[in-house]
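Below is one structure, written out as structure tokens; the observations come after it.
The values are calculated or read from the model by the stated rules, or taken from the named source; none is laboratory data. In this text the structure is predicted, and so the values were computed from the model without any measurement. So basically every Cβ, Gly included, is an ideal-geometry build from the backbone, and we count neighbours across all protein chains shown. Accessible surface areas use protein heavy atoms only, side chains included; no ligands, DNA or RNA. Shrake-Rupley method; radii C 1.70, N 1.55, O 1.52, S 1.80 Å.
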Amino acid sequence: MRAEPPARPDERTEVRAAVRQAVSVSVATGLYGISFGALSVVAGLDLPQTMVLSLLMFSGGSQFALLGVVASGGTSAAAVTTAGLLGLRNTLYGAQLSPLLALHGWRRVLAAHVTIDESTAVATAQRSKAAFRAGFWWTGIGIFVVWNLLTLVGALAGDAMGDPKAWGLDAAAGAAFLALLWPRLASRVMQLTAALAVVVAVALLPFVPPGVPVLAAAAVAIVVGQVARQPRQPVTVTAYVPDGAAPSSPAPSPEAPPASTRPADPAGQGDPSTPTDPPTTDRTEEP
């Protein structure tokens, strides 16, 4: 591996702040794993199935979407399709993170597995490259560990916990993500993007399968971002030549030497076979 240059003092401060943010988000989001473990057992999955689903899929929205289809008596194909549709948003995250992470081999595979809403949000909120990477890895791996440990706790508790919503765990992940989003809504463009995304998602929610409103909201954000960042067309400024004025003389050809480089005639007579240049009048322009 190529050695990284030593971090600047201000960069180390940014990295520590990113780690603290990642830890707090990991705990707040990971607590929601208890709810998933308990609901999974109630929906009919046993403990091994619950843990394999959580370890391999590791996408909270997709996991709950799959449970919703299974609990309502849907087919396995419908459950997988719904979960996969909702998980497509991670592909958009990967396209945004990949150039900045610049990973290869098994690290790239690991990064793809922990590319989720929260790890993307924490990483992209940082200002330096070192803080970006610290925020991504600490959030992704932190949520993976806490989520799966508490999923195990929730699955073991099962029906003993009752309704997980009564514990307020259903709001933990949403509150953590909102805390990351809120500071980034300072500009009018960001506020407009968030408002349009919310309107589109809420409008589609009663009519489309789970996952489609999230993808539609993401599409709105992409379109607004592209329009807002569209570069202006360059303006070419040309010299104004009044009607009837003589056009400016073209630049001298590389083959012909400029007049200032002609050798001087010591006799002062000149060559009669060579036409003389017309006399010119020097004109001094005001600066």
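List of remarks:
- Shape category assigned to region 53-122 from the gyration tensor of Cα positions, a/c cut at 1.5: prolate
- Protein accessible area in region 1-119, 1.4 Å probe - carbon and sulfur %: 68
- With each label modelled as a point 7 angstrom along the Cα→C-beta vector, the V202-L92 pair spans 1.9 nm.
- Sorted on the mean count of surrounding Cβ atoms within 10 Å across their residues, most packed first, peptides 41-51, 15-25 read 15-25, 41-51.
- Estimated inter-spin distance, D10 and S76, nm [label 7 Å along Cα→Cβ]: 5.7
- On full extension, the segment bounded by R20 and A112 gains 30.9 nm, given 0.36 nm per residue less the C-alpha separation.
- Kirkwood hydrodynamic radius over Cα pairs of region 4-116, then Stokes diffusion coefficient at 4 °C and 1.567 mPa s, in µm²/s: 79
- Approximate spin-label separation A102-V189, in nm, with each point projected 7 Å along Cα-to-Cβ: 2.5
- Potential extension, A157-M57 segment - 0.36 nm per residue separation minus Cα distance: 33.8 nm
- Each peptide in 215-223, 54-62 receives the mean, over its residues, of other Cβ atoms within 10 Å, and ordering these scores from highest gives 54-62, 215-223.
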